[in-house]
Amino acid sequence: MPFKRPGDVRACLLGWRMPYIEELAETYWGTSEIEHVFAEIKKYDNTSYNIANLVFQANLSVFKMDGFEQLGNAPTSVINDLYNTLSMQNRMNSNQSMQIIGKDDNVERHQYAFAGLSDIYERFMLDASGASAIPVTKLFGRSPAE
C-alpha cells in the first residue's frame, strides 16, 4: 500500500515516499519534510533581503563637482585625496546630517518610490505557506486577511 501524503502514518515517521530505486538507496527513508519547504523559504528570505536593500538605497545623493571630468589625468595622490574627502563627507552626512561642499559644488537628493513590493512579498509568503502546509496566520504570525 503506497503512502504518498505527509498525513499518512508512514510519512509522519519516515518522510515523503520516494521512487523505489531511491527508496532502496536511502534504506527506506523518505525525503525530509524540510526539503519540500526549503526552496520556498530560501526564496522568501532572499526576497525579504532584496526588498530591504532596495529601501535602504531609495535615497540617491548626487554630488556635482566642478572640474571632476579632468581627474582622469590627475596623479594618483590627487585622486586619493578626493576619495578621502568624499569618504569623510559621507561619514559626516551619515552621522550628523551635515554636508560641507565648495561654493561652486552642488548636492542633489533623489528619492525612489517602489510600488508593488508588498504584493511581491505577500506572494512569496503565500508560496512558503503553501509549501509547508502551514497557514500564513501560524507560519508568519499574521492576523487573517480580510
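The values are calculated or read from the model by the stated rules, or taken from the named source; none is laboratory data. Not measured: the values here are computed from a predicted model. So basically every Cβ, Gly included, is an ideal-geometry build from the backbone, and we count neighbours across all protein chains shown.
Output the helices (runs of 4 or more DSSP H) that fall wholly within the stretch 52-142 and possess 2 or more residues being among the small types (Gly, Ala, Ser), or say none. Walk me through it before giving the result.
Values: elements: 76-96, 117-132, 136-139.
Here the list reads 76-96, 117-132.
For the stretch 101-126: of the residues being surrounded by 11 or more Cβ atoms within 10 Å (Cβ to Cβ) and without any contact (Cβ under 8 Å) to a residue 60 or more places away in the chain, which is farthest from residue 63 (Cα to Cα)? Before the answer, list the steps.
The first filter runs over the stretch 101-126 and keeps only residues surrounded by 11 or more Cβ atoms within 10 Å (Cβ to Cβ), leaving 101, 105-107, 114, 117, 120-126.
Those left that are additionally without any contact (Cβ under 8 Å) to a residue 60 or more places away in the chain: 101, 105-107, 122-123, 126.
Numbers: 101: 9, 105: 7, 106: 6, 107: 5, 122: 37, 123: 38, 126: 42 Å.
Across the stretch 101-126, the extreme among qualifying residues is 126.
Please verify whether residue 78 is out of contact with any Phe, Trp or Tyr (no Cβ under 9 Å at 6 or more places or on another chain), hydrophobic (A, V, I, L, M, F, W, C) and not assigned by TED's automatic domain parsing to the domain that holds residue 107, treating the condition exactly as stated. The answer is no for residue 78. Taking the criterion of being surrounded by 12 or more Cβ atoms within 10 Å (Cβ to Cβ) and not hydroxyl-bearing (Ser, Thr, Tyr), the residues of the stretch 34-53 that qualify are 36, 37, 38, 39, 40, 41, 43, 45, 50, 51.
Can you name the residue in the stretch 19-33 that is surrounded by 11 or more Cβ atoms within 10 Å (Cβ to Cβ) and not charged (D, E, K, R) and, of all such residues, is farthest from residue 131 (Cα to Cα)? Give the steps one after another, and end with the answer.
At the first step, the residues of the stretch 19-33 found to be surrounded by 11 or more Cβ atoms within 10 Å (Cβ to Cβ) are 22-23, 25-26, 28-33.
Keeping just the survivors that are not charged (D, E, K, R) gives 25, 28-32.
Values: 25: 26, 28: 23, 29: 20, 30: 17, 31: 14, 32: 13 Å.
It comes out as 25.
Please go through the stretch 9-27 and give me each residue that is within 35 Å of the chain's Cα centre (by Cα) and modelled with pLDDT under 65, ordered by number. 11, 12, 13, listed by residue number.
Residue 62 falls short on exactly one of the conditions (1) touching a His at 6+ places or on another chain (Cβ under 7 Å); (2) surrounded by 10 or more Cβ atoms within 10 Å (Cβ to Cβ), and that condition is (2).
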